[in-house]
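A.B. asks: Can you keep this structure in mind? I'll have questions shortly.
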Amino acid sequence: MVCVAGILALAACGQRDGLAGTYRSVEQLPEELGRDGTTVTVGDPHAPVTVHLYEDPRCPVCEEFETTGAGPGLRGATLDGTTKTQYTLASFLDDRVGGSGSRKAVNALRAALEEGKFAEYHEVLYANQPEEAVDGYTDAFLLDLASQVDGLRGPAFDAAVRTMKYRDFVTASQKAYEKAGGPAEPEGPGTPTAVVNGTPIPAEYNGILMDGAAFTELLESVERATLWEADRT
């Protein structure tokens with residue numbers, strides 16, 4: 001873990017403008033779609049640490065990360081205002097195992113972003129993820145889960161889910177995921193993948209994504225290094 005922290009700390013070069021905010025609940029977190037049209041950012045825009053996640057909603061390892069791995073600690077750091085979390089949403093599992101659940105879930109997440117409910121809905125989806133082979137993210141199930149998020153259901157959201165309103169976003173997000181793999185991984189970097197302040201966690205250290213305490217320690221190390229670098233400049 002020290003090795004990973006060292007790698008990322010050396011790469012940390014973010015600038016902190018003012019004090020990061022503190023949020024009492026996921027409902028309060030700011031969220032926005034980036035200029036690239038695919039990156040969803042959740043949390044204080046001035047947070048010194050940025051964690052960019054690459055996920056497929058049907059990926060069982062992503063579910064493990066989000067529910068029992070490092071995900072809860074990452075949410076805590078995002079609520080504390082020390083970290084902002086970015087998401088690139090892939091849908092390759094539909095082609096790999098059949099069905100359309102990933103695409104439908106990504107479309108529904110984009111619809112939730114339009115309502116300012118992305119972070120809440122994202123949490124609900126992973127807490128209720130169907131078995132990967134079942135292709136359980138149907139329109140009906142996605143709408144049922146949306147009922148757990150206060151204020152999300154409504155004519156606009158429901159229609160967006162049923163009509164795949166954001167299909168162009170789904171396609172663009174998958175392409176962005178593939179591009180992130182670079183020449184070595186033209187089909188994408190795998191899910192979940194985490195990039196911390198611009199530096200990918202090396203594949204051989206991916207176990208840290210399932211270790212909440214170690215990942216939190218890593219984020220704290222990167223934060224200290226980033227603020228130290230900011231004080232020097």
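The values are calculated or read from the model by the stated rules, or taken from the named source; none is laboratory data. Treat the numbers as computed from the prediction; the structure is a model and nothing was measured. Backbone-built Cβ (ideal geometry, glycine too); neighbour counts: all protein chains shown. Remember, those area values only see protein heavy atoms, side chains included, never the ligands or the DNA or RNA. Shrake-Rupley method; radii C 1.70, N 1.55, O 1.52, S 1.80 Å.
A.B. asks: For S91, only one of the following conditions fails: (1) surrounded by fewer than 24 Cβ atoms within 10 Å (Cβ to Cβ); (2) part of a helix (DSSP H, G or I). What is its number?
C.D. replies: (2)
A.B. asks: I'm trying to understand the selection: among the residues of the stretch 24-70, which are without any contact (Cβ under 8 Å) to a residue 40 or more places away in the chain and either under 30 Å from V97 (Cα atoms) or open to solvent by less than 30 Å² (accessible area, probe 1.4 Å) (or both)?
C.D. replies: Listed by number, the list holds a single entry, A47.
A.B. asks: Modelled with pLDDT under 95 and farther than 18 Å from H52 by Cα: is that true of V124 in this structure?
C.D. replies: Values: modelled with pLDDT under 95: no; farther than 18 Å from H52 by Cα: yes.
So V124 does not fit the description; no.
A.B. asks: If you go through the stretch 138-175 one residue at a time, how many are more than 20 Å from E31 (Cβ to Cβ) and under 18 Å from the mean Cα position of the chain (by Cα)?
C.D. replies: 3
A.B. asks: Need a quick list: helices (runs of 4 or more DSSP H) entirely within the stretch 103-207 having at least 2 residues that are surrounded by fewer than 21 Cβ atoms within 10 Å (Cβ to Cβ) and in contact (Cβ under 8 Å) with a residue 60 or more places away in the chain. Spell out the reasoning first.
C.D. replies: Details: elements: 118-127, 139-146, 155-163, 167-180.
Once the helices (runs of 4 or more DSSP H) in the stretch 103-207 are filtered for at least 2 residues that are surrounded by fewer than 21 Cβ atoms within 10 Å (Cβ to Cβ) and in contact (Cβ under 8 Å) with a residue 60 or more places away in the chain, what remains is 118-127, 167-180.
A.B. asks: Looking at (1) modelled with pLDDT of 95 or more; (2) of a type outside the set (S, T, N, Q); (3) closer than 24 Å to T199 by Cα, which one does H46 not meet, given that it meets all the others?
C.D. replies: Among (1) modelled with pLDDT of 95 or more; (2) of a type outside the set (S, T, N, Q); (3) closer than 24 Å to T199 by Cα, H46 violates only (1).
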